[in-house]
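Participant: One structure coming up, written as structure tokens, with questions to follow.
The values are calculated or read from the model by the stated rules, or taken from the named source; none is laboratory data. Keep in mind that this is a model prediction, so the values were computed, not measured. A quick note on method: Cβ atoms are made from the backbone with ideal geometry, for glycine too, and the neighbour counts reach across all protein chains shown. Side chains included, ligands, DNA and RNA excluded: accessible areas come from the protein's heavy atoms. Shrake-Rupley method; radii C 1.70, N 1.55, O 1.52, S 1.80 Å.
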Amino acid sequence: MPYLESLRVFVRVVELGSITAGGRDLRMSPAVASNRIKDLETRYGVRLLNRTTRKLVPTEVGRAFYDNARRVIETLDEAEAVVSGFSGMPHGALRVTAPLGLGRRLIAPLVPKFCDEYPGVELRLRLSDRNVDIIADGIDLAFFLGEPQDSALKWRRIAECRRALVATPGYLEQHGRPERPEDLTAHNCLLLRYPRSPEYYWVLQTPEGPQKLLVNGRFDADDGDVLSGWALEGRGIVNRPRYEVAEHLAAGRLVEVLPDYPPIPSQFGVLTPHRRLQDPKVRLFADFIAREVRGVFA
């Protein structure tokens, strides 16, 4: 088993470009991860990795070794998945990612319950509003709000997520209440932006069909909760999932803007690499989340 563990470390170090990142992903210290790499290099008498000024890269033999080591690990994981399917006792690490707001409010609170039901599973949750490379990062399930872009992945729609444009009463009193979608161009719109982010425009539902609006604001962020916080401070208008702002709407801290022209709903779903689909714990977690959050989007 130490040899297989060393293979796993090597594969993740190559994929993440760092001994520290590879070790952290496998829950081991950089020193232990480094020793695993050294064990492999000593075993075969070759250098597998070279250090550049920015990251670790495999040598020529290291690249060939990585390609084969990855197939070994994938084959082993598939074999374990088959056994788990027959035994009814899934086990092993399950890597899950989700956007920050969605992950904090819906996914994270359910993780302990799932792990109580399936004690053999170790669940590793990674939350980010940035685009995640699901294949390179070894992700098993990626929950999302929006439309999936990667055709190489299997996706499953779970629910339709209604959205709302909201602002504080004070902001609207000071800057005026938009009456038509075009009026938004005169307002400070709080946008979720990061490299390759799609939200440089909002799409609203109108009697004539979807209307795309290029909107702008004086500041933006890559964290949806930051945008909600700015909106609550009266800094502008924000486009958020309705379930995230429902409490503030009910309390009157926020009010809906252009209720007759709501943003088009987002799709709440999950992306899965095709090779992970036969793993029972992947299917079980997707089914579990779909069942538990059903009432949120009703």
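Participant: Normalising by the residue count of region 163-264, find the relative contact order in percent from Cα pairs under 8 Å and 6+ residues apart.
Facilitator: Contact order relative to length: 47 percent.
Participant: Averaging sequence separations of C-alpha pairs under 8 Å and six or more residues apart, then dividing by the length of region 2-84, give the relative contact order as a whole percent.
Facilitator: Relative contact order here is 28 percent.
Participant: If you don't mind, another one. Under a cut-off of 26 Å between alpha-carbon atoms, report the lysines in cross-link reach of Lys281, not counting same-chain residues fewer than 8 places apart.
Facilitator: Counting by Cα, and skipping residues close in sequence, Lys281 has these lysines nearby: Lys113, Lys154.
Participant: Using a Förster distance of 22 angstrom, determine the FRET efficiency expected from the C-beta separation of Arg253 and Arg156, and round it to 0.05.
Facilitator: Calculated transfer efficiency: 0.05.
Participant: Kindly identify region 87-141 as rounded, prolate or oblate by the Cα gyration tensor criterion: order the square roots of the eigenvalues as a ≥ b ≥ c, call it rounded if a/c is under 1.5, otherwise compare a/b with b/c, prolate if a/b is larger, else oblate.
Facilitator: Oblate, because a/c is 1.5 or more while a/b does not exceed b/c.
Participant: Roughly speaking, to the nearest percent, how much of the chain's 1.4 Å accessible area is carbon and sulfur?
Facilitator: Heavy-atom surface of the chain belonging to carbon and sulfur, 1.4 Å probe: 51 percent.
Participant: How far, in nm, would the chain grow between Tyr201 and Arg51 when pulled straight, counting 0.36 nm per residue and subtracting the alpha carbon separation?
Facilitator: 49.8 nm
Participant: Which three numbers, in whole Å and largest first, are the semi-axes of the equivalent ellipsoid of the chain derived from its Cα gyration tensor as √(5λ)?
Facilitator: In descending order, the three semi-axes are 43, 22, 16 Å.
Participant: Here's something else I'd like to know. Place the peptides 246-252, 280-286 in order of packing, highest mean first, counting for every residue the other Cβ atoms within 10 Å and averaging per peptide.
Facilitator: Top of the packing list down: 280-286, 246-252.
Participant: Could you work out which residue, out of Ser228, Ser266, Ser29, moves most in a Gaussian network model of the chain, that is, has the largest mean-square fluctuation with Cα springs under 10 Å?
Facilitator: Ser29
Participant: Here's a follow-up. Nearest 10 degrees is fine. How inclined is helix 242-251 to the longest principal axis of the chain, computing both from alpha carbons?
Facilitator: 40
Participant: Quick check: the distance between the Cα centres of region 94-173 and region 1-80, to the nearest angstrom?
Facilitator: When both Cα centres are located, 28 Å separates them.
Participant: Next up: Which net charge results when you count Lys and Arg as +1 and Asp and Glu as -1 among the other residues whose beta-carbon is under 11 Å from that of Gly234?
Facilitator: 0
Participant: Is the shape of region 1-72 best called rounded, prolate or oblate, per the rule: a/c under 1.5 gives rounded, else a/b larger than b/c gives prolate, else oblate, with a ≥ b ≥ c the square roots of the Cα gyration tensor eigenvalues?
Facilitator: Rounded is the answer for region 1-72, as its axis ratio a/c remains below 1.5.
Participant: Hey, rough spin-label estimate for Arg124 and Glu292, points 7 angstrom out along Cα→Cβ, what's it come to in nanometres?
Facilitator: Each label point lies 7 Å from its Cα, and together they span 2.0 nm.
Participant: Which value in nm describes the separation of the simple spin-label points at Leu4 and Arg177, placed 7 Å from the Cα toward the beta carbon?
Facilitator: Placing both labels 7 Å beyond Cα along the Cβ direction yields 6.4 nm.
Participant: Nearest 0.05, what FRET efficiency do Ala64 and Arg104 give at R0 = 41 Å with Cβ-Cβ as r?
Facilitator: Calculated value: 0.45.
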